[in-house]
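The values are calculated or read from the model by the stated rules, or taken from the named source; none is laboratory data. Everything numeric in this text was worked out from a predicted model, so none of it was measured. With ideal geometry, Cβ positions are generated from the backbone for all residues, glycine too; neighbour counts draw on all protein chains shown.
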Amino acid sequence: MTKSDPNRVLRLLPLYAGGLAGGLLMVNRLTTATLTDSQARSDALGVILSALLVLTGLIWQRVQPRSPEAVNLIGEEGFELAEELPEAVKRELAWASHLLLTNTATRSLVVYYQGKVLVRRGILGSHRELKPGAIVQRVLDKQKPVYLVKLSVYPGRVEFNYLPENTQGVIAQPLGDKGVLILGANAPRSYTKQDENWIAGIADKLADTLSRYPEEVASAEI
């Protein structure tokens, strides 16, 4: 179910106000038996102001950006964390995932490291196994993030079957050269540049922590 645009009423307000004012002026003119010069001037000014309001409303419809339409992701909410991980790593992953889920448009996330899934949190997809497709593999190879602003328009979306089926946007952020942090959003075009920079910083911190426990992490998996 999509959520209504909170700015819709604001954008339509000048349009409705101008139309209402113009209608009242017309009714007033039709019901006035004798028209004085001062009333004619007032009516002319009222018509101009009404037209300006209508024009402002039409411009706002085009100029003001609309908030992305958010949806309720399909799936059950949960938190799965590899039990074999050291306590320090568990705390770091729990902290980072909580921050991302509560401070960005992220509603589902997966941490994939050294060929294994270490964390699934938020709204969980129906598939637990993660097989890197072309997009995730490119992130692993080039160690550069990929942001799919509107997942539904990308043919490669089929590889993200471990996220909720109606995920709207995806960020695949590298965790060094051994893993990927995958974030699923509930609205298209929902991550700002500041969000992307912040996510990159958290991913670097996670990569540093995971790299300190190579043997323990290698044997851990959900």
Inset, instruction - Any chance you could count how many residues in the stretch 183-197 are crowded, with 24+ Cβ neighbours inside 10 Å and either aliphatic (A, V, I, L, M) or over 24 Å from His127 (Cα atoms) (or both)? - result: 2
Legend entry - Meets criteria (touching a Ser or Thr at 6+ places or on another chain (Cβ under 6 Å), touching a residue at least 12 places away in the same chain (Cβ under 8 Å), aliphatic (A, V, I, L, M) and assigned by TED's automatic domain parsing to the domain that holds Leu81) for Ile123: yes
Inset, instruction - Scan (1) of a type outside the set (Gly, Ala, Ser); (2) in contact with a helix residue (DSSP H, G or I) (Cβ under 7 Å, 6 or more places away or on another chain); (3) part of a loop (DSSP other than H, G, I, E, B) for the single condition Pro188 breaks and write down its number. - result: (2)
Legend entry - Options Leu124, Leu109, Leu101: the member that is in contact with a strand residue (DSSP E or B) (Cβ under 9 Å, 6 or more places away or on another chain) and either closer than 21 Å to Tyr213 by Cβ or among the small types (Gly, Ala, Ser) (or both): Leu109
Legend entry - Residue ID - farthest from Leu81 (Cα to Cα), chosen from residues in the stretch 125-174 that are part of a helix (DSSP H, G or I) and small (Gly, Ala, Ser): Ser152
Legend entry - Sole exception among (1) surrounded by fewer than 18 Cβ atoms within 10 Å (Cβ to Cβ); (2) in a helix (DSSP H, G or I); (3) free of Cβ contacts under 8 Å to residues at least 40 places away in the same chain for Ala207, by number: (1)
Legend entry - Residue ID - nearest to the chain's Cα centre (by Cα), chosen from residues in the stretch 144-153 that are modelled with pLDDT under 95 and loosely packed, with under 15 Cβ neighbours inside 10 Å: Ser152
Inset, instruction - Determine, yes or no, whether Leu175 is surrounded by 22 or more Cβ atoms within 10 Å (Cβ to Cβ), in the same structural domain as Lys131 (by TED's automatic domain parsing) and either out of contact with any strand residue (DSSP E or B) (no Cβ under 8 Å at 6 or more places or on another chain) or within 19 Å of Asp141 (Cα to Cα) (or both). - result: yes
